[in-house]
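Once you've had a glance at the structure underneath, I'll fire off some questions.
The values are calculated or read from the model by the stated rules, or taken from the named source; none is laboratory data. Please read all numbers here as calculations on a predicted model, not as lab measurements. Cβ placement follows ideal geometry from the backbone for every residue including glycine, while neighbour counts extend to all protein chains displayed. For the accessible areas, the whole protein counts, side chains as well, though only heavy atoms, and no ligand, DNA or RNA atoms are used. Shrake-Rupley method; radii C 1.70, N 1.55, O 1.52, S 1.80 Å.
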Amino acid sequence: MPLKSVNPATGKLIKEFSEMSKNEVEEIISSADAAFRRWKEYDPEHRCELMKKAGNQLLKEKERYAETITNEMGKPIAQSVAEVEKCAWVCDYYAENAANFLADEIIETDATESYVSFEPLGVILAVMPWNFPFWQVFRFAAPALTAGNGAVLKHASNVSMCALAIEEVFAKAGFPENLFRTLLVASSSVKNIIDNDLIKAATLTGSEFAGSMVASECGGKLKKTVLELGGSDPFIVLNDAELVEAASVGVKARIINNGQSCIAAKRFIVAEEIYDEFMELFIKNMKGLKVGNPMEKDCDLGPIAREDLLAELEMQVKKSTEMGAAILTGGKRLNREGFFMEPTILEGVKKGMPAYEEEIFGPVASVIKIRNVEEAIKIANDTSFGLGASIWTKDIEKAKLLARKIDSGSVFINGMVKSDPRLPFGGIKKSGYGRELSHYGMKEFVNIKTVWIK
Ligand code: NDP
């Protein structure tokens, strides 16, 4: 079966790619391993210089890369440009900091000298999703490659053009040939790739199902994994919150990336005292969004990336309303070409409904009214996910106490959850394990080696 790139704004096929054969895949992995063996001997400073060049290459052709992103997965073009710029930032960040992060760590013990060194593992497999088709890859590749590893990328089947463009970035930046390679294969080939002895570890960003499949394959082969899976982040608006800002950022946090972000605000947990006032602003902002052609610079909301994902989203909304949720705005697919969903608000969302229990990957906000802070925390934690959370209140000391009570990988106070190369990123519970970004992310795919000298 060929891999198909379909423009979600029109539903039209852009390009088809033949899947690589098993032999081709094995040859690519062997050549990546050969490149790794040379690369790991480079000084970290030299590796950093090349990572800096990768960042420069991204910026040099950012419009072209951004157009590829929007064409293949439909996010508004301004957000695609911002995504490419953020990738350049993560390249710069590791170019500037990796040598420090990788420096030997001296630890006083009974030895005359003892220290920890950080050494690369080999070729790492990255299984990546289509939602941030550049960013998800670069936030893995920038630390993993500067640490001295090689990498092969199995990207989502609908973004092969992005996958090839990323391979091109590293080639144009002057990285050793084959150090970073794209494998154009379907997910059914991932097991064989993991079985290959030259693959030393794997990282996956995507659904819980795909994460558990890759983790179990890797577990069977005793290979390390890092998993960044779904989320159902709470956005808690307390009775002393700055409501105008909360309602404005809340909409942005829900609809960014056409609502398809693991750290999007998904469940709006709103105090009853300010509920009506907040909702008036929130509904007005949702209704004011510009929905349409994602190639237009002022587009706020483009299409859902694939038709099957749109169908699933509509089903989640339908089932939730059948179970008692009320639609305050939106609620259905737009009657036009492409895979567009109306910006939607569901009120009265309750336990058991898909809008409460599942990850909602699209511009659909679930709203839950609460009586007090204790109830807010209880509902925030009443999910199988644990990625991010956002709390809105003017009382920062109270917010810091609440932040400790929330079961998630991050808590943002009076701001939307976002990733930043300087801060660790990842989740707990079914949102996955391990961390990306910062020095924590860099240490995931290294051998943390103890050296002890009598
Ligand atoms: P998937 O998890 O299916 O896709 C993510 C990546 O995993 C793709 O490269 C995919 O390849 C691969 N994959 C899928 N199944 C397997 C498998 N059995 N073994 C190995 N690799 C596999 O996500 P979908 O695109 O189907 O989206 C479904 C839902 O997942 C979304 O609605 C959302 O809830 C969640 N999701 C979360 C993301 C996040 O950022 N955390 C990103 C994307 C999705 P292929 O494309 O070839 O199937």
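Calculate how steeply helix 135-146 sits against the longest principal axis of the alpha-carbon atoms of the chain, using the helix alpha-carbon long axis, and give the answer as 0 to 90 degrees to the nearest 10.
Helix 135-146 and the main axis of the chain meet at about 30 degrees.
Right, here's the next one. Would you pull out the residues with amide H under 5 Å of residue 370's amide H, same chain only if 5 or more places away, H placed 1.01 Å from N?
Amide H neighbours of residue 370: 270, 271, 272.
If you add up the charges near residue 230, with Lys and Arg at +1 and Asp and Glu at -1, over every other residue whose beta carbon is less than 12 angstrom from its beta carbon, what do you get?
-3
Right, something else. Out of residues 5 or more away from residue 6 or on other chains, whose amide H comes under 5 Å of its own, with H placed 1.01 Å from N in the peptide plane?
When sequence neighbours closer than 5 places are left aside, the close amide H contacts are 14.
If a/c stays under 1.5 just call it rounded; otherwise compare a/b with b/c (prolate if a/b is bigger, oblate if not). Do that for the range 399-439, with a ≥ b ≥ c from the square roots of the Cα gyration tensor eigenvalues.
Working: a/c = 2.15, a/b = 1.24, b/c = 1.73.
Judged from the Cα gyration tensor, the range 399-439 comes out oblate (a/c at least 1.5, b/c at or above a/b).
Also, quick follow-up: From the gyration tensor of the Cα coordinates in the chain, what semi-axes in whole Å does the equivalent ellipsoid have, largest first, with each one equal to sqrt(5λ)?
Taking √(5λ) for each Cα gyration eigenvalue gives 38, 27, 19 Å.
Related question: Ordering 167, 41, 358 from largest to smallest accessible area (1.4 angstrom probe), what's the sequence?
Result, largest first: 41, 358, 167.
Right, next: Rounded to the nearest 20 Debye, what is the dipole magnitude of the range 234-413 about its Cα centre when Lys and Arg each give +1 and Asp and Glu each give -1 at the C-beta?
140 debye
Ignoring ligands, DNA and RNA, what percent of the 1.4 Å accessible area of the range 55-98 is carbon and sulfur?
On the way: 720 of 1490 Å².
The nonpolar share, carbon plus sulfur, comes to 48 percent.
Tell me, what is the percent relative contact order of the range 234-413, built from C-alpha pairs under 8 Å that lie six or more residues apart?
After rounding, I find 28 percent.
Treating the Cα atoms of the range 157-303 as identical point scatterers in vacuum, please give the log10 of the normalised Debye intensity I(q)/I(0) at q = 0.10, 0.12, 0.17, 0.18 Å⁻¹, two decimals.
Log-scaled intensity ratios, in q order: -0.58, -0.75, -1.03, -1.08.
Peptides 110-118, 231-239, 188-196: what's the order by average Cβ count within 10 Å, highest mean first?
Top of the packing list down: 231-239, 188-196, 110-118.
Once ligands and nucleic acids are excluded and a 1.4 Å probe is used, how much of residue 433 is accessible, expressed in Å² to the nearest 10?
Here the accessible area works out near 100 Å².
Rolling a 1.4 Å sphere over the protein heavy atoms, what is the accessible area per residue of the chain, to the nearest Å²?
I get 42 Å² per residue for this part.
A further question on this structure: So what is the relative contact order of the range 1-58, in percent, for Cα pairs below 8 Å that sit 6 or more residues apart?
That works out to 20 percent.
Next question. Work the Kirkwood hydrodynamic radius out for the range 185-243: mean of 1/r over every pair of different alpha-carbon atoms, inverted, in Å.
13.5 Å
Shifting gears a bit: Do the alpha carbons of any pairs in 172/429; 224/297; 40/221; 22/449; 4/319 sit beyond 32 Å of each other, and which pairs?
172/429; 224/297; 22/449, as the Cα separations exceed 32 Å there.
By how many degrees, between 0 and 90 and to the nearest 10, does the Cα long axis of helix 275-287 differ from the longest principal axis of the chain?
Computed tilt is about 70 degrees.
For the range 234-413, count the residues as N, evaluate 2.2 N^0.38 Å, and divide the Cα radius of gyration by that value, please.
Details: Rg = 15.5 Å, N = 180, 2.2 N^0.38 = 15.8 Å.
Compactness ratio reported: 0.98.
Related question: Considering only C-alpha atoms, what is the centroid distance from the range 321-351 to the range 39-75, in Å?
Centre-to-centre distance over Cα atoms comes out at 38 Å.
Hey, another quick one. Return the long-range amide H neighbours of residue 340 (sequence gap of 5 or more, or a different chain), with a cut-off of under 5 Å between placed amide H atoms.
Residues meeting the amide H criterion: 304, 334.
Still on this structure, I have one more. I'd like to know which of 345, 265, 286 lies farthest towards the positive end of the charge dipole of the range 234-413, counting +1 on Cβ of Lys and Arg and -1 on Cβ of Asp and Glu.
After comparing all options, I get 265.
When DSSP beta bridges are limited to those with both residues in the chain, what percentage is antiparallel, rounded to the nearest 5?
About 40 percent, rounded to the nearest 5.
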